[in-house]
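The values are calculated or read from the model by the stated rules, or taken from the named source; none is laboratory data. Source: prediction; values computed, not measured. Here the Cβ is made from the backbone with ideal geometry for all residues, glycine too, and neighbour counts use every protein chain on show. Surface accessibility is based on the protein's heavy atoms, side chains included, excluding ligands, DNA and RNA. Shrake-Rupley method; radii C 1.70, N 1.55, O 1.52, S 1.80 Å.
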Amino acid sequence: MGPGGPGSAWPLAGTLLVAVATSMVAGDEDCLWYVDTNGSWHPGFDCGFLSFCCGTCQHRYCCRDPLRLLTERQQRHCVAF
């Protein structure tokens, strides 16, 4: 049987993907303070509803692209190193 047939894992995989994407978007990942490549300190800031912190350790901004998500855990790792 093809995708979506009885016993298929496709409905479960689709549901799981939606749940993960929703939790990432609604996760309220704000941008923490950081130091850029020039050594300038930038204060932390909140991202609006349905957006989250994106970018790198040295340049952060709010966006809605989950592929560019920079979690608070990743941001804290930047500070440690």
Just for segment 26-35: of the residues that are part of a strand (DSSP E or B) and not hydroxyl-bearing (S, T, Y), which one is farthest from the chain's Cα centre (by Cα)? V35
For segment 69-81, give me the residue count where each residue is part of a loop (DSSP other than H, G, I, E, B), open to solvent by 40 Å² or more (accessible area, probe 1.4 Å) and closer than 12 Å to Y34 by Cβ. 0
State the number of residues belonging to segment 45-60 that are closer than 13 Å to D30 by Cβ and in contact with a Cys (Cβ under 6 Å, 6 or more places away or on another chain). 6
With the structure loaded, tell me whether T56 is surrounded by fewer than 16 Cβ atoms within 10 Å (Cβ to Cβ) and under 15 Å from the mean Cα position of the chain (by Cα) or whether it fails that test. yes
Give segment 61-81 a look and list any residue that's over 10 Å from the mean Cα position of the chain (by Cα) and either farther than 11 Å from E29 by Cβ or of a type in the set (V, I, T) (or both), or say none. Y61, R76, H77, C78, V79, A80, F81
Just a yes or no: is a residue in segment 8-20 at pLDDT below 90, part of a loop (DSSP other than H, G, I, E, B) and farther than 18 Å from Q75 by Cβ? yes
For segment 36-68, give me each residue that is in a strand (DSSP E or B) and either at pLDDT 95 or above or of a type outside the set (A, V, I, L, M, F, W, C) (or both). W41, H42, F45, C53, C54, G55, R60, Y61, C62, C63
If the Cβ limit is 9 Å and pairs must be 6+ apart or interchain, which residue in segment 35-55 that is of a type in the set (S, T, N, Q) pairs with which residue that is open to solvent by 50 Å² or more (accessible area, probe 1.4 Å)? T37/Q58; T37/H59; N38/Q58; S51/C62; S51/R64
